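Engineer: Starting off with a structure, shown below.
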Amino acid sequence: MLESYMDSEYIKFINRYYEQAKIVYEGMKRETGEDYIFHPISVAYILADLKMDPVTIGCALIHEAISLGKMTYEEIENMFGTESAIIVNSISKISNLKQTFKINNPEKYRRIIVGLSESPATLFIKFADRLHNLRTLKVHDKEHQKYIIDETQNIYIPIAHRLGMKKVKSEMEDLCLQNVASSEYNKILERINLSKDELESALIKMKDEIVQILEAHNIKFEILYRVKSVRGIYNKISIGKKWEDIYDLLGLRVLVDTVEDCYRVIGLIQSKYPPIPNRFKDYISNPKPNLYQSLHTTVFGEGKRIYEVQIRTYDMDEIAEKGVASHWSYKEKIDGSVKKNLDMMLEQFRVLVEVNDIEQNMEFFGNIKESLKRNEIYVYTPKGDIIELPAGATPIDFAYKIHSEVGNTTTGALVNSKMVKLDHSLCDGDMVELITQKGHAPSKGWLKIVKTEAAKSRIKSYFYKKEREKYISLGKEMMLNECKKRNLDINEVFNDENVKKVCTSLNLETLEDIYFSVSTLRYLPSSILNRIEVQEVKKKLPTLERKSDKSTNAIIIANSTDILYTLASCCNPVYGEDIVGYITKGYGVKIHSKDCPNIDKNSERLIEASWEENPGSRYTTKLKVYVDDIGDILLKIITLSTKMDIIIDSINLINRNKELFYDISCKVKNIDSLNNFIDEVKTMNSVKEVERIFI
């Protein structure tokens with residue numbers, strides 16, 4: 001196996017470790033009855049299958065030398081170098097974990113775990129070691145089997161998942177399932193085997209059809225197929241799904257050379273086979289946190305069966321199967337170019353285990369399990385302090401976690417030495433450095449992007465305590481504009497008698513309170529004037545409750561950027577087009593496109609609105625593309641969207657009343673980009689019309 005990817009000089013290098021391993025394990029037997037050396041050889045073989053580097057494979061051959069008392073750190077360092085000594089010594093510390101708990105020294109334990117994550121090779125060897133132990137688990141008693149399975153499921157599998165090591169993780173899961181749910185495992189396996197010939201026949205026919213399509217378009221590719229794993233089926237069934245509802249039971253994977261070919265292939269496949277709505281996933285444009293990239297679609301294919309099809313490049317497939325191990329491969333090590341993503345992922349692991357203060361063995365498993373599954377992240381200050389935040393937290397949340405004044409004066413942030421926007425989502429292990437400016441004030445828009453209640457509370461507190469005068473000034477300006485519309489003098493309107501009348505009716509105290517209530521949308525300027533002009537209390541117009549707004553876009557409402565709003569989902573306004581606000585009953589201002597058919601243009605609740613600036617966000621919009629014939633229209637649309645930097649969220653072919661059209665949901669940067677895209681699609685052959693959808 002080594003000869004397939006490694007030069008002879010490195011094989012000779014590994015052979016030195018093997019010769020030493022024969023000495024280390026001489027005369028020893030495993031509980032299986034085999035010579036002990038069979039285990040380290042098997043571990044090395046698993047790593048060679050992942051195309052690991054010479055040092056990692058060499059250390060796998062002697063990975064138990066220190067824990068068995070056969071060699072010392074110094075002896076390994078003298079024979080094989082410092083790197084090998086660190087790796088084997090770290091593995092020994094894991095083996096002595098129980099002893100560490102007995103001496104009740106959690107601080108020492110934390111140092112051991114952090115030390116392990118200094119070398120990725122340590123983790124890879126431990127994964128391979130655990131995998132081979134699972135393969136031979138049946139020779140042990142039930143209690144030991146349960147211990148190993150619990151440890152694997154609660155620690156090793158979640159870490160392997162975090163590091164994107166799908167191949168290792170999947171086999172671990174499968175082996176654990178065989179032991180803890182053997183009856184269910186065998187039932188599923190039996191059902192698969194009963195229909196195996198039928199399923200494989202369907203897959204082969206589907207594969208052959210796709211091959212014909214791709215060859216006709218001169219695309220270089222490789223196609224693989226599979227029936228879903230027993231563990232995958234078990235997970236679906238255990239949450240209540242029926243066998244026939246498992247959409248990805250039959251799967252095909254198409255590997256190509258380039259990203260452009262990925263989109264060409266997905267277009268061709270969906271043009272040939274009807275896709276199941278809402279099953280298209282673009283993980284190329286939006287990779288998963290563990291670096292996974294691929295295009296996914298589910299279609300009705302050969303024999304009216306449902307097939308999941310994945311399309312990705314060869315490089316993406318390498319990462320999908322091996323995760324970060326693909327960046328620690330033989331080639332990467334020889335070139336000396338270990339990826340930064342690997343370091344960041346291992347840093348996340350380091351933070352997770354370092355923050356746990358562990359006293360007992362079972363406590364350790366429980367804490368780590370919760371750490372890996374919970375919704376918190378841990379980030380660093382420049383001084384190395386660890387800050388706990390919820391998943392998705394921003395640099396603003398981080399700032400307010402440190403101190404209110406730090407949060408109020410934050411103007412920017414560096415994450416891992418790179419400048420980021422203040423709405424940037426922080427990740428485990430990030431090092432965050434804040435940029436502050438004396439006298440700077442927080443933005444009202446921060447309420448839309450922060451995740452912690454503490455940050456929201458402190459931002460609101462700042463505005464209520466420190467900026468009351470600003471709100472009063474804003475309210476006065478809004479009232480002045482309303483008075484001008486009615487040709488009224490604001491000084492005459494708000495004489496002492498009228499101020500007292502309004503304050504009494506609204507349970508306020510001063511003129512400033514009136515202005516403040518207007519600026520915070522408790523009452524409309526027109527409502528205030530109506531009370532005064534009729535000299536009696538009219539029926540109170542609905543007031544607006546202050547709600548937390550999830551929009552991240554800057555919009556000017558009534559000459560102010562401080563008014564809370566949401567974008568209307570019926571028309572999905574896009575930056576750059578004409579918009580108008582509609583004051584709802586208790587939900588702030590809804591921003592509509594001026595062309596939206598759902599707004600009453602004569603309503604008194606309409607309020608002026610315009611875009612302040614383009615913050616670089618994307619805006620969701622929906623289109624209908626009417627066609628005479630589908631042909632390769634889907635491929636053309638996807639290719640065009642990629643070139644024009646438009647993200648397609650979903651695209652479904654619909655045949656309604658003998659009329660064909662594509663229902664498209666996409667994200668665009670501005671109205672010009674949308675209009676240009678629509679104009680280009682209109683020029684395509686077989687396209688009859690393109691229209692924007694207003695619900």
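Engineer: Only helices (runs of 4 or more DSSP H) wholly contained in segment 142-202 count here; list those with 2 or more residues that are more than 30 Å from ILE319 (Cβ to Cβ).
Structural biologist: Where helices (runs of 4 or more DSSP H) fall fully within segment 142-202 and carry at least 2 residues being more than 30 Å from ILE319 (Cβ to Cβ), they are 142-151, 182-194.
Engineer: Exactly one condition in (1) free of Cβ contacts under 8 Å to residues at least 40 places away in the same chain; (2) over 30 Å from ILE557 (Cβ atoms); (3) among the polar types (S, T, N, Q) is not met by ASN416; state its number.
Structural biologist: It fails just one condition, (1).
Engineer: Restricting to segment 241-269, what's the tally of residues that are modelled with pLDDT under 90 and in a helix (DSSP H, G or I)?
Structural biologist: 3
Engineer: Filter the strands (runs of 3 or more DSSP E) completely within segment 617-695 down to those with at least 1 residues that are more than 23 Å from GLU260 (Cα to Cα) and at pLDDT 90 or above.
Structural biologist: Output list reads 619-627, 659-668, 687-692.
Engineer: Among the residues of segment 289-307, count how many are over 27 Å from GLY392 (Cα atoms) and either at pLDDT 90 or above or assigned to a strand (DSSP E or B) (or both).
Structural biologist: 6
Engineer: Out of segment 437-460, which residues are touching a helix residue (DSSP H, G or I) at 6+ places or on another chain (Cβ under 8 Å), of a type outside the set (A, V, I, L, M), surrounded by fewer than 19 Cβ atoms within 10 Å (Cβ to Cβ) and under 12 Å from LYS401 (Cα atoms)?
Structural biologist: LYS451, THR452, LYS456 - these are the residues of segment 437-460 that are touching a helix residue (DSSP H, G or I) at 6+ places or on another chain (Cβ under 8 Å), of a type outside the set (A, V, I, L, M), surrounded by fewer than 19 Cβ atoms within 10 Å (Cβ to Cβ) and under 12 Å from LYS401 (Cα atoms).
Engineer: Sticking with this structure for a sec: Search segment 641-665 for residues being of a type in the set (A, V, I, L, M, F, W, C) and touching a helix residue (DSSP H, G or I) at 6+ places or on another chain (Cβ under 6 Å), and hand back the single one that is surrounded by the most Cβ atoms within 10 Å (Cβ to Cβ).
Structural biologist: Among them, the one singled out is ILE646.
Engineer: Hey, among LYS451, LYS383, LYS401, which residue is basic (Lys, Arg) and not in a loop (DSSP other than H, G, I, E, B)?
Structural biologist: Selected residue: LYS401, the only one of LYS451, LYS383, LYS401 that is basic (Lys, Arg) and not in a loop (DSSP other than H, G, I, E, B).
Engineer: Could you please tell me which pairs satisfy a Cβ distance under 8 Å, a separation of 6+ or placement on different chains, a first residue in segment 628-641 that is over 10 Å from SER271 (Cβ atoms), and a second residue that is polar (S, T, N, Q) and surrounded by fewer than 16 Cβ atoms within 10 Å (Cβ to Cβ)?
Structural biologist: ASP628/SER686; ASP629/SER686
Engineer: Which ones in segment 39-62 are touching a Lys or Arg at 6+ places or on another chain (Cβ under 7 Å) and over 15 Å from MET1 (Cβ atoms)?
Structural biologist: Scanning segment 39-62 gives a single hit, HIS39.
Engineer: Counting just the residues of segment 41-68 that are without any contact (Cβ under 8 Å) to a residue 60 or more places away in the chain and acidic (Asp, Glu), which one comes out farthest from MET165 (Cα to Cα)?
Structural biologist: Once the filter is applied, the top-ranked residue is GLU64.
Engineer: Next question. Return the residues of segment 481-528 that are at positive phi and more than 50 Å from the chain's Cα centre (by Cα); say none if nothing qualifies.
Structural biologist: Within segment 481-528, just ASN487 meets the criteria.
Engineer: If a residue must be more than 32 Å from the chain's Cα centre (by Cα) and in a helix (DSSP H, G or I), how many such residues does segment 207-240 contain?
Structural biologist: Residues that pass the stated criteria total 7.
Engineer: Scan segment 260-280 and report the pairs whose first residue is in contact (Cβ under 8 Å) with a residue 40 or more places away in the chain and more than 19 Å from ASP629 (Cα to Cα) and whose second residue is part of a helix (DSSP H, G or I) and among the hydroxyl-bearing types (Ser, Thr, Tyr), with Cβ atoms within less than 7 Å and a gap of 6+ or a chain change.
Structural biologist: Close Cβ pairs satisfying both conditions: TYR263/THR639; TYR263/THR642.
Engineer: What tally of residues in segment 149-186 results from selecting those that are buried (at least 18 other Cβ atoms within 10 Å of the Cβ), of a type in the set (A, V, I, L, M, F, W, C) and over 30 Å from the mean Cα position of the chain (by Cα)?
Structural biologist: So the count comes out to 0.
Engineer: Next up: Taking the options SER650, SER665, name whichever one is within 22 Å of LYS594 (Cα to Cα) and polar (S, T, N, Q).
Structural biologist: SER665
The values are calculated or read from the model by the stated rules, or taken from the named source; none is laboratory data. None of these values were measured; they are calculated from a predicted model. Ideal geometry is used to build each Cβ from the backbone, glycine not excepted, and the neighbour counts take in all protein chains shown.
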